[in-house]
Each structure stands twice: as structure tokens, then as C-alpha cells.
Amino acid sequence: MYKLIIRPILFLFDPEKIHHFIFKLITLTAPFFGWFNRILFCQNDKRLQKEVFGLKFKNPVGIAAGFDKNGLLIDQLEDYGFGFIEIGTVTPKPQEGNPKKRLFRLPKDKALINRMGFNNLGVNEAVKKLKNRKTKLIVGGNIGKNTATPNNIAKADYVYNFNALYDDVDYFVVNVSCPNVKDLTKLQDVDFLEDLLLTLKSLDKTKGKNRPILLKIAPDLNTQQLDDIIELIAKTKIAGVIASNTSSGRENLTTSKQTIKEIGNGGLSGLPIKENATQVIRYLAQKSNKAFPIIGVGGIHSAQDALDKLDAGADLIQVFTGFIYEGPQLVKQINTAILKRKSS
């Protein structure tokens, strides 16, 4: 029903406007139809539970950062079968992000290109939502810097976010790999990252709650850069990696080159980055001898796509673009496939 009727209607309208419309619709209807969504989309089975970096997840399928930047749907998203939620990317101060239009569909490729630019209401608004949440699902906080913050003092933004969110999230994700914020990817410099991650680890120790810290990396890194990531994790002893963010690449697209040129810059997500993301997961897992957990994300549009990520070495997975293209039944399909494999 979703792909035959609902999606074609939604895709008639601007993707960012539809995103906000869906948020309002879910908020308004959840008190009346939440029970129905739980019947349709939730797969409740204790065999799906998984403990990763000291946290027990209801199931291994999460919603990736970027979908609910401000934590507006934390309670409602549980009704769609997710095992965990990642909010953000949040920044210390509210910011509007990049000029519109900044979100584009590539239906022929089952992909999105976005250059949102960390648009969010600021970390303090996210904290308010988190403090009022009813769900007991694991919630992660994806943190970044304000666009106006120069890179030479960017660490202060990450520290501010870390302190602000600390009591109300279960794990942290340091985002320095998003291609949609000016000069942000320059922060993937190993020396900067080592200093930042060690600072956050030191702060964590003083607070005494042991919040896992993960690093989100791009799917476009070469093997030398991935080796540097493995070494960095060994040095800093952070909890793990999210692989991967959106891509700056435009390879192997069915959408016309003219259309891609007209869209311009931005991060590519969806099916076209599936293989790259999976290869990054496999390389990290094999080269490190599974020294740290990996959350796999990128191009998951079917249960088999999810299983491929898990087989490559991911401990958990996240969906976003696939959720938009395939519909909310995707989460249940993935969890059902995992259960079927456990039973075989």
C-alpha cells in the first residue's frame, strides 16, 4: 500500500515540506493510532535483543541521525518498530542551515541528495524533548559544530553539546564527516580527532556514567584513512564507529547528469552508496579483527541489505533513506529476517 499509493502521492510534493508534514501528522495521530502502528510494524521478540558497547538494544534496527534532528518524535518512533533512535545532528546554537531548496529525491536511483547544513533548534531544545520522553528505547545524541564556528575552536562546540546532552542520551556520535557543512570534513584530520575524542573521553570519566562515544565516518575514505581510523580508536578507546555518513560521490547514478548538475553539491544517500558503505564496514571489521562495534548505515532498502551489513561486520544497523522509499514496514521486514535466520 505504501509504495503503490502513499509514496507516489508524497513524492508529488517538495521533500522537505513533506518531511515536516509527516512529523505533524504522526504527532497528531499517535494518541489514536499508536496501538495500530505497533501491531503493524513492531516485532517483539526477546531474541532480537542485543547488547552492544554496554547497552541493551530492544532490536538491532535504529533510525539514523538526520530524520529526527530535534527529538520531536522520540516516543512515536518506537511505534514503528525501531530498537533505538539517534537524534541530531544538534549544535550548541539554533541554526537554519543552508538556503532552500536543499533536499532532493532521485527516484530512479532510490536516493536522496541533501545539503541541509545541520539545521536544528539547538541542543537546549533537544534536551527539553529528551527530558519529557516516555520511551525507554536507547537514544543516541549526534553532535556537531555550528556553521559559524571556526574550525580552530570547533572543539568547544562538541564539548558544549556533550555536557548539555550527557544526562539525557545513552550514547554519543561525533559527526565530523557530513559533507553539507562548510569545511566540516576538514575536521577529519587525525590530530584534531584524537584531541577531541580524548577530551570527550576525559569528560565522560569525570561524570561517572560511562556514555559510549562513537565516530561517524564517510563512505568515501580510502584504505589508508580507514587504517588511521582503526589506529585512532585504539588510541582513544572510544566505543565504536558508525559507517557511514552520506557521500560526496556521484558514481553509477541512473539519474541524468544534467539533473545531478542542476541539483549541485550535497550528500548522497540511499541505494547508490550501499556497496561502498558495506565495504567500509567489512574492511574495518576484518582489518581490526572486530576490535570495536560498528553501526552500519547506508543504502539499506531491504531485509537482505540489512543482513549484508550484519554479515560484513556491523553489530547494529540504521535506516533513513530506505525508510522513506520502502515505507515503515521495512523495519519489521528486517527484524523478521533476523529472527528467521536465528531459527534456521
Filter result (within 30 Å of Thr236 (Cα to Cα) and either among the aliphatic types (A, V, I, L, M) or at pLDDT below 95 (or both)) within the stretch 261-299 | Leu268, Ile273, Ala277, Val280, Ile281, Leu284, Ala285, Ala291, Ile294, Ile295, Val297
Are any of the residues in the stretch 256-273 under 16 Å from the mean Cα position of the chain (by Cα) and among the acidic types (Asp, Glu)?
-> no
Please go through the stretch 258-292 and pick out each residue that is more than 24 Å from Phe53 (Cβ to Cβ) and among the basic types (Lys, Arg).
-> Lys261, Lys274
For the stretch 251-260, the count of residues that are of a type outside the set (Val, Ile, Thr) and at pLDDT 95 or above equals 4
Go through the residues of the stretch 181-188 one by one and say whether even a single one is out of contact with any helix residue (DSSP H, G or I) (no Cβ under 9 Å at 6 or more places or on another chain), part of a helix (DSSP H, G or I) and surrounded by fewer than 21 Cβ atoms within 10 Å (Cβ to Cβ).
-> yes
Is it the case that the stretch 243-254 has a residue that's buried (at least 22 other Cβ atoms within 10 Å of the Cβ), under 16 Å from the mean Cα position of the chain (by Cα) and among the aliphatic types (A, V, I, L, M)?
-> yes
Which one of the conditions (1) over 20 Å from the mean Cα position of the chain (by Cα); (2) more than 17 Å from Phe320 (Cα to Cα) does Val127 fail to meet, given that it meets all the rest?
-> (1)
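Of all helices (runs of 4 or more DSSP H) completely enclosed by the stretch 216-308, which ones contain at least 3 residues that are polar (S, T, N, Q)?
By residue number, 223-236, 274-287.
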Among Gly327, Gly298, the single one that is among the small types (Gly, Ala, Ser) and surrounded by fewer than 20 Cβ atoms within 10 Å (Cβ to Cβ) is Gly327
For residues in the stretch 209-251 being touching a residue at least 24 places away in the same chain (Cβ under 8 Å) and among the basic types (Lys, Arg), which is nearest to Asp195 (Cα to Cα)?
-> Lys235
What number of residues in the stretch 12-43 are closer than 15 Å to Gln329 by Cβ and touching a helix residue (DSSP H, G or I) at 6+ places or on another chain (Cβ under 8 Å)?
-> 6
Given the conditions (1) closer than 26 Å to Lys56 by Cα; (2) more than 21 Å from the chain's Cα centre (by Cα), report the number of the one that Ala148 does not fulfil.
-> (1)
Among the candidates Pro99, Pro107, which residue alone is free of Cβ contacts under 8 Å to residues at least 60 places away in the same chain, closer than 21 Å to Lys17 by Cβ and surrounded by fewer than 20 Cβ atoms within 10 Å (Cβ to Cβ)?
-> Pro99
What is the residue count in the stretch 113-138 for residues that are surrounded by fewer than 22 Cβ atoms within 10 Å (Cβ to Cβ), in contact (Cβ under 8 Å) with a residue 12 or more places away in the chain, not acidic (Asp, Glu) and not in a loop (DSSP other than H, G, I, E, B)?
-> 6
Would you point out the residue of the stretch 33-73, among those that are of a type in the set (D, E, K, R) and in a loop (DSSP other than H, G, I, E, B), that is surrounded by the most Cβ atoms within 10 Å (Cβ to Cβ)?
-> Lys58
Is there any pair with a first residue in the stretch 252-264 that is basic (Lys, Arg) and a second that is surrounded by 11 or more Cβ atoms within 10 Å (Cβ to Cβ) and part of a loop (DSSP other than H, G, I, E, B) whose Cβ atoms are under 9 Å apart and which are 6 or more apart or on different chains, and what are they?
-> Lys257/Arg250
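The values are calculated or read from the model by the stated rules, or taken from the named source; none is laboratory data. Computed from a predicted structure; not experimentally measured. Methodologically, a virtual Cβ is constructed for each residue, glycine included, from the backbone with ideal geometry; neighbour enumeration extends over all protein chains shown.
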